[in-house]
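Have a look at the structure below before the remarks.
The values are calculated or read from the model by the stated rules, or taken from the named source; none is laboratory data. The model shown is predicted, which means the values in this text are computed figures rather than measured ones. Here the Cβ is made from the backbone with ideal geometry for all residues, glycine too, and neighbour counts use every protein chain on show.
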Amino acid sequence: MAKIENEIQYNWAVKRVEELLPTVNDDTPLNDPNSIELELLSNMVSDYSEEHFSLGEPSLADVIKLRM
């Protein structure tokens, strides 16, 4: 499967996902081209986001400070 390699591709994919969202709903068949494209792009955007924009897990000290 293809992979998003840079931020330009990421931004394009996010924009395309936003365009596809109104065209796909729960009643859209799984073999519909828009549904397939939306799922593939969503997965690629998610993978890129996790790799490049992940916040990570907070430390115990950070959690305690937040609660105080």
Out of segment 17-68, which residues are small (Gly, Ala, Ser), touching a helix residue (DSSP H, G or I) at 6+ places or on another chain (Cβ under 9 Å) and closer than 16 Å to residue 3 by Cα? 42, 49
Total residues in segment 22-65, condition in contact with a Leu (Cβ under 9 Å, 6 or more places away or on another chain) and more than 28 Å from residue 9 (Cβ to Cβ): 1
Looking at (1) exposed (fewer than 13 other Cβ atoms within 10 Å of the Cβ); (2) modelled with pLDDT of 90 or more, which is the one condition that is false for residue 54? (2)
Only one of 66, 55, 30, 40 is free of Cβ contacts under 8 Å to residues at least 12 places away in the same chain and in a helix (DSSP H, G or I). Can you tell me which? 66
Within segment 12-27, residues part of a loop (DSSP other than H, G, I, E, B) and surrounded by 10 or more Cβ atoms within 10 Å (Cβ to Cβ) come out as 24
